[in-house]
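Heads up: the structure comes next, in structure tokens.
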Amino acid sequence: MKKILIISILFFVLQIAFTNCSFAGNKFYRQNIADTVIPENIKIEDKAIDEVIKSSTPPKQEKVKYVSQVTKYGFKDLFKNYSYNPSIPYTAQVNPHAETYMQDYLQAHGKYLEHMKATALPYFNLIDGILTQYGLPKELKYLAVIESDLKSNALSIAGARGPWQLMPYTAEGYGLKVNQNVDDRTDYTKSTNAAAKYLLSLYKNFNDWLLVIAAYNGGPGRVYTAINKSGSRNFWKLQYYLPEESRNHVKKFIATHFIMETSTNNNFDYTSLNGVGGVLKPDMSEEESANSDSMKVSGRYIASIIAKNIDMDINDFNRYNPGFDNTMASGDTVNMRLPNAKMPLFITNKYGILNECVQHLLGEANFDTKTIYKKKASK
């Protein structure tokens with residue numbers, strides 16, 4: 001009798017455990033499917049990526065072409081059309097979440113990076129050529145900029161070295177020699193080939209370049225932990241589950257990409273950002289200024305969420321309030337300026353807006369970015 005009872009109890013416990021495991025597995029599977037661009041081709045994609053990574057000679061062009069079509073979707077959480085189009089204004093295609101991280105970097109590093117454009121062109125051309133051989137987006141060359149300033153002998157406290165700041169075990173895993181006599185990590189061509197393979201390997205796991213950049217900095221394990229805790233593979237939803245250094249690494253990449261891709265093309269004048277004492281001046285016409293009002297706000301308001309709630313284009317909000325998010329993040333009070341017609345909407349809903357902003361910062365809220373880009377009538 002006791003034996004039957006024990007067997008029954010064990011069966012019951014195992015059944016519950018199996019059910020829970022199945023549920024958890026299905027949940028994770030659904031999450032993967034929901035966040036992957038082309039789920040039905042996952043096995044084909046992985047096989048193609050593996051062939052490119054493991055190839056000891058230049059990868060076959062048909063494989064590279066296929067991989068390049070796969071990897072271009074990796075910027076789906078940064079750009080509306082998955083990749084940057086130089087013919088369209090940057091802010092018209094970038095995710096509004098990313099805009100808030102550009103202003104500080106623009107002022108602090110803009111001139112230096114502008115200078116780097118001219119001096120680093122041979123290195124960029126070399127890196128572009130190698131990234132293309134592996135079917136990788138050329139934008140990834142800016143990862144080397146934020147890793148090392150393109151310095152071949154850059155050495156971190158942790159032991160990462162070279163333009164791509166590869167750790168010894170990672171470098172050796174992708175065919176580089178690292179010993180007392182030779183360190184291939186300092187060789188631009190060899191290290192870029194190794195970095196390209198490593199980036200492809202990370203992309204195979206995450207299918208999102210923002211997550212890849214976070215993993216490149218902090219390791220894949222930390223990104224998987226953030227995915228599990230947040231229940232999402234969207235960087236903007238899981239970022240606060242990442243170490244601060246890793247999420248800031250992603251933001252540095254975004255800001256560097258913005259500076260390197262847009263300022264020269266648009267004859268951008270960095271000095272135009274600064275008013276008296278370095279205070280940012282609104283970019284408004286006399287009529288807009290005359291028909292606007294201001295009020296002091298404090299707390300953790302976010303520009304894009306305010307814009308959504310008062311039905312205002314985010315680009316217009318940023319013109320009226322340059323550097324808004326950075327000032328808010330520093331804990332200072334902001335003298336926010338809005339059109340006369342929009343100010344009552346904000347005053348009426350300011351506490352609800354603040355609550356939504358806080359929820360977003362905690363990773364608990366999301367909104368459709370389309371609502372903050374308004375179609376303007378042609379002039």
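Laboratory data are not the source of any read-out in this text; all were calculated from the coordinates shown. Every value quoted in this text rests on a predicted model; they were computed, and no experiment measured them. Counting neighbours? That spans all protein chains shown, and the Cβs are built from the backbone with ideal geometry, glycine included.
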Relative exposure of Leu200, Leu345, judged by other C-beta atoms within 10 Å (fewest first)
Leu345, Leu200
Given the convex hull over the Cα atoms of region 147-203, what projected area results after averaging over all orientations, in nm²?
3.7
Listed by chain and number, the residues whose amide H is under 5 Å from that of Asp183, excluding neighbours fewer than 5 places away on the same chain and using placed H, are none
Formal net charge of residues neighbouring Asn193 (Cβ-Cβ distance under 10 Å; K, R +1; D, E -1):
0
